[in-house]
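Undergrad: This structure is in structure tokens; I'll ask about it shortly.
No value in this document is a laboratory result; all are computed from the given coordinates. Since the model is a prediction, treat every value here as computed from it, not as a measurement. All Cβ positions, glycine included, derive from the backbone under ideal geometry; neighbour counts span all protein chains shown.
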Amino acid sequence: MDSGQLLLICAAGMLVVAAIAQTAAVGITGMRDAVAFGALVALGELFRITLPGNRESAPIATAGALAYALLLRVGDKPAPHSAMQVIAVTAVGMVVGALPHLAAGRATSIDAMARRLLAVAVVAFLFGRLAASTQIRGHWWLALAVMAVLVAVAFLADAVIAALIRAEALRARFGVALSDELRVQAPLGAAVGASAMLIAIAAEVMGLAALAVFIAPLLVTQLAFRRYAGIRVTYLQTVRALSRTTEVSGYVESGHSHRVSRLALAVGRELGMSEPALLELEYAALMHDIGQLALPGPIPGGATVLVSPADQAQIAELGAAVIRQAGVLDGVAEIVRRQSEPWRGTDPGPPMSSRIIRAANGFDDLVGSCTDRERAVAALERLRLDTSAEYDPGVVEALSRVAGRRSSAR
Amino acid sequence: MPRLSWAARIYVGAVVAAGGLVIPLGPFGGIAWPTLVVLAALYLICEASPVPISPRKHTWSAGSPVILAAVVLLGPVGAAIVGATAAFNTRRDLHVVRRMFNGAMWALAAYCAASAYIAAGGHAGVPTSTSFPAIIVPFAVAAIALGLVNYVLVITVLWLTPAEGPSAIRSGRQVLAAFVPDLGYAIFGLMMAALWRVVGPFSAVLVLVPLYVARWAVAQYVAQQEAHAATMAALCQAVETKDFYTRGHSERVSKASVMIAREIGFRAERVEAIRHAGMLHDIGKLGVPTMVLQKAGALTEEEFAAIQLHPMRGLEIVREIGFLDEALAGIMHHHERVDGKGYPLGLAGDEIPEFARVIGVADAFDSMTSARSYRGARPVEEALAELRKWSGAQFDPVMVDAFVAALSRERWQLPKPVAAPEGQPAPATTQDHDDPTTPLRVVTRGWLQGSSEPSVPLHDQPPNPSRGDRPQGRR
């Protein structure tokens, strides 16, 4: 766990301690509401989902906590709970909901929980200040506007913190990480925000029944996202498995596709590619050797780098034709098709993903699964000294940084 | 726009007339006009932004909840007016007659729903906190009435339009399948109406955003699932580049396995799993050296062992794919025989997993009915006769019978003959390990010692049918 995550968890922890202390001292106002919303948060933590890119999310918990923060009235009675109480109830709910996961031995992402708590805390504090003014209580449209702005602020704060942590962990650029985070979280975030506002408002009309009623669409959304994330995982597993067919038939050294894809991903992140582009790069890197299946016999050692350019081009074409058959991977097919094109400094030249795969492929063909540092250095030298401008120097430099980090990590 | 029959014209005319009459006749008192304008605009926006819910271009829009909100807030005539705005749908490609029919249909449906609502004890107007929970029953009645009238009107027009005549019943089932979840979405109409008191028209935005996101999420999932299936199909076809004449084999085996599975009555998830198993069953063939696959003469024991390994190799490749579970057993054991003489483990009878028994039948059938380099395709009846002949020894009789029954209903599409690529002679096997009529000939060591069979380097001389070569080994 790195420094950013630790800082986050400490901040959240201190806040929780302060909130619980204060709430215990002052006493809970509106016990029934507190219990109901706390139960909703616990339920939401229990049913957390994982979005693509290994992002943990608990939409129902967040919606419930935000609704509790934005609550003005329940039925006809005002709800005067303080921001500290909101934080305390949310924290308790989260812990209760996380206990079954811990008991089952499932890893809990504490920094994700801390992030969610902090977002709710921001909204609770700000809204508490603003709700004190009578203007909001008088005009519904003002209250609505304030709620909407605060929810957006919470969403942004959450995204920024998540992007900071992710950029540090994955060595991605912050700007790219932030735009990726926003893109992935936007639909679910919109549903969560709207549901939170809805519950807060509907509680005035329907009382606590609003909680049960308005969670329904969020539940459907969450289920759909879970299945979506599941099938993304399956998709990657399938591509990974089927790309190993070249290895089983002896065309390619065992583990080659997997190593090339991991290398290409690291280089792509180093060069600041966005997540959708990284996904295409990963698929292309896994499947870049598929064209070799059409050859009558294996290339010795599977090293395409030792084969004539015309043959390399043919293999690339064959591979691209196979991938295009899927009908949904045309971008990937194009990357694979142009992977054998030399860089030559021409403008625009082959796409960045193709250049990355070419370099990663060349590197792995020379180094393989060997972890010897000297061999990696020698391979990089050979790529750098390439006089016919086969490889993009920028890509080779990024590759050397990635390889350097790997060998120093061992 | 197809030409309508007389019956259809009369029907459409009647609906349009009825819809048109409902509005001018009704009482206009008590309608909150600003609310009506807002709801009508909202309805138009919803209809203009449908969410695709399946790759077959079906779409969903939040139109029904908006109309139900109008039913509660505006009463019969107001709701009918909101429904009538369907005629002004912003889609460009709608014919005028179709527009008028849509508008009239929704106006009528809304009117009936609102009348049912009032008849069941509801009150038109903004609900107050005292309205709950008494409002729920009349609202449910209204929702059912709306859906019912809509369904009946649509079904009738589908039945009457000649282009869709014979398939109307199936479309009817599809409409019904869409009708039931629509009932579930009806509750959001009530929510919109309930919140109108507090936040006015903004309640619609708040209620609809999570709804749209939910539908969008479902659509994403469906799209990704189809993408996954397409990619798997493409990659399996890549496998078949090794042996030209078996193009499409995996897909056909998959299809045949699904036919058998459905006939036996597998659950939907298992049918899905066997579809994948059929697709991936021969992946392991890649682990067999090409020379062995293309060998013309009898195989040595080592070569035969290499072929026998392909189910295990296949398993190695696909083992890490998460959802396959039972399909893995099908892939690993698809060459077992009921009499126990199969490979790799020699399981017999019921020891063989069910999936494997199904795939075994499908595999053999397709290999017999497709053309090979050394023989043409066999007709379906002959292949079925072979299946029956070996049923009990190689194949499970239950599966064979199920397949025969399925084929009697659905014709089997024989694969088109595959054209050889220009330039190189077509690489092709001369023995098919799937074909039960031509079992692989294995030469044991003793025989080989005395054999005078020349050993020809095979990558130099693949048998080329166009040259009139006959596969070596056949005397």
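Undergrad: Could you tell me which residue out of A:V184, A:A212, A:S195 lies farthest along the dipole of the range A:137-230 toward its positive end? Charges go on the beta carbon: Lys and Arg +1, Asp and Glu -1, centred on the Cα centre.
TA: So the residue furthest toward the plus end is A:V184.
Undergrad: Among B:V137, A:V176, rank each residue by its count of other Cβ atoms within 10 Å, from fewest to most, as a rough exposure measure.
TA: Values: B:V137 13, A:V176 20.
The most exposed by this proxy come first: B:V137, A:V176.
Undergrad: Could you give me D for the protein assembly as shown, from Stokes-Einstein at 10 °C and 1.306 mPa s, where the hydrodynamic radius is the Kirkwood radius over C-alpha pairs? Units µm² s⁻¹, please.
TA: On the way: Rh = 31.8 Å.
Here the translational diffusion coefficient equals 50 µm²/s.
Undergrad: Then there is this: Give the long-range amide H neighbours of B:L299: residues separated by 5 or more places, or on another chain, with amide H under 5 Å away, using H modelled in the peptide plane at 1.01 Å from N.
TA: Counting only residues 5 or more places away or on other chains, the set is B:R441, B:V442, B:V443.
Undergrad: Give the cross-link partners of A:K77 among the aspartates and glutamates, using a straight C-alpha distance below 12 Å as the criterion and excluding same-chain residues fewer than 8 apart.
TA: A:D33, A:E204
Undergrad: Convert each backbone phi in the range A:273-279 into a coupling constant with the Karplus relation 6.51 cos²θ - 1.76 cosθ + 1.60 (shift: θ = phi - 60°), then list the ³J(HN,Hα) values in order as whole Hz, x for Gly and Pro.
TA: Ordered by residue, 3J(HN,Hα) equals 7, 7, 4, x, 5, 5, 5 Hz.
Undergrad: Select from B:A114, B:G330, A:L281 the residue farthest towards the positive end of the dipole of the protein assembly as shown; place +1 on Cβ of Lys and Arg, -1 on Cβ of Asp and Glu, and compute about the Cα centre.
TA: B:A114
Undergrad: Looking only at A:G268, A:G97, A:G53, which one moves most when chain A is put into a Gaussian network model with springs between Cα atoms under 10 Å?
TA: A:G53
Undergrad: Counting other beta carbons within 10 Å of each residue's own, what order do A:R227, A:R244 fall into, fewest first? Working shown, then result.
TA: On the way: A:R227 18, A:R244 23.
So the residues, fewest neighbours to most, are A:R227, A:R244.
Undergrad: Give the order of B:K295, A:K77, B:K389 when sorted by the count of other beta carbons within 10 angstrom, beginning with the fewest.
TA: On the way: B:K295 21, A:K77 11, B:K389 14.
Arranged by neighbour count, lowest to highest, B:K295, A:K77, B:K389 become A:K77, B:K389, B:K295.
Undergrad: Skipping prolines and chain starts, which residues have an amide H placed within reach, meaning under 5 Å, of the one on B:S391, given they are 5 or more residues away or on another chain?
TA: Amide H to amide H, under 5 Å and 5 or more residues apart or across chains, B:S391 pairs with nothing.
Undergrad: A follow-up question, please. So how strong a dipole does the range B:258-364 carry about its Cα centre when Lys and Arg Cβ are +1 and Asp and Glu Cβ are -1, to the nearest 20 debye? Can you show the working numbers first?
TA: Values: 11 positive and 17 negative charges, 50 e Å.
Magnitude of the dipole: close to 240 debye.
Undergrad: Using the basic label-point model (7 angstrom from Cα toward the beta carbon), what is the A:R382 to B:E382 distance in nanometres?
TA: 5.5
Undergrad: Here's something else I'd like to know. Averaged across orientations, what area in nm² does the convex hull of the alpha carbons in chain A project? Show your work: numbers first, answer last.
TA: Details: hull surface 92.5 nm².
Its Cα hull, projected and averaged over all orientations, spans 23.1 nm².
Undergrad: Using the crude model of +1 on Lys and Arg Cβ and -1 on Asp and Glu Cβ, and no other charge, please compute the dipole size for the protein assembly as shown relative to its Cα centre, in debye to 20. Don't skip to the answer; put the middle values down first.
TA: On the way: 77 positive and 72 negative charges, 368 e Å.
Rounded to the nearest 20 debye, it is 1760 debye.
Undergrad: Something else now. Which of the three applies to the range B:194-337, rounded, prolate or oblate, going by the alpha-carbon gyration tensor with a ≥ b ≥ c and a/c under 1.5 meaning rounded? Intermediate results must be reported in sequence, preceding the final value.
TA: Numbers: a/c = 3.82, a/b = 3.04, b/c = 1.26.
Verdict is prolate for the range B:194-337.
Undergrad: Top mean-square fluctuation among A:Q312, A:Q325, A:Q22, Gaussian network model of chain A, C-alpha springs under 10 Å?
TA: A:Q325
Undergrad: Follow-up question, since we're still on this one. Report ³J(HN,Hα) in whole Hz for each residue of the range A:116-122, in order, from the Karplus equation J = 6.51 cos²θ - 1.76 cosθ + 1.60 where θ = phi - 60°; Gly and Pro get x.
TA: Computed from phi, the couplings for the range A:116-122 are 4, 4, 5, 4, 5, 4, 4 Hz.
Undergrad: For the range B:6-223, what's the relative contact order in percent, using C-alpha pairs closer than 8 Å and at least 6 residues apart? Write out the running numbers ahead of the final one.
TA: On the way: 302 pairs, mean separation 54.0, N = 218.
Normalised by residue count, the contact order of the range B:6-223 is 25 percent.
Undergrad: Report the one residue of A:L118, A:V26, A:L70 whose Cα lies farthest in the direction of the positive end of the charge dipole of the range A:3-232 (charges on C-beta: Lys and Arg +1, Asp and Glu -1; origin at the Cα centre).
TA: A:L118
Undergrad: Let me ask something else. At 7 Å along Cα-to-Cβ for each site, give me the label-to-label distance between A:L223 and B:R411 in nm.
TA: It works out to 4.1 nm between the two label points.
Undergrad: At q = 0.08, 0.20 Å⁻¹, work out log10 I(q)/I(0) for the range B:1-155 with the Debye formula, treating every Cα as an identical point scatterer and leaving solvent out; two decimals please.
TA: -0.23, -1.29
Undergrad: Can you give me the relative contact order of chain A as a percent, contacts being Cα pairs under 8 Å and 6 or more apart?
TA: Reported relative contact order: 13 percent.
Undergrad: Roughly what would the spin-label model give for A:S254 and B:I10, points 7 Å off Cα along C-beta, in nm?
TA: 7.8
Undergrad: Another question, if that's okay. To the nearest 20 debye, what charge dipole does the range B:6-223 have about its Cα centre, counting +1 at the Cβ of each Lys and Arg and -1 at the Cβ of each Asp and Glu? Can you show the working numbers first?
TA: Working: 11 positive and 4 negative charges, 83 e Å.
Dipole magnitude for the range B:6-223 comes out near 400 debye.
Undergrad: What list of ³J(HN,Hα) couplings, whole Hz, do you get for the range B:258-270 from phi and the Karplus terms 6.51, -1.76, 1.60, once you set θ to phi - 60° and write x for glycine and proline?
TA: Here the 3J(HN,Hα) series is 5, 4, 5, 4, 5, 4, 6, x, 4, 5, 4, 5, 6 Hz.
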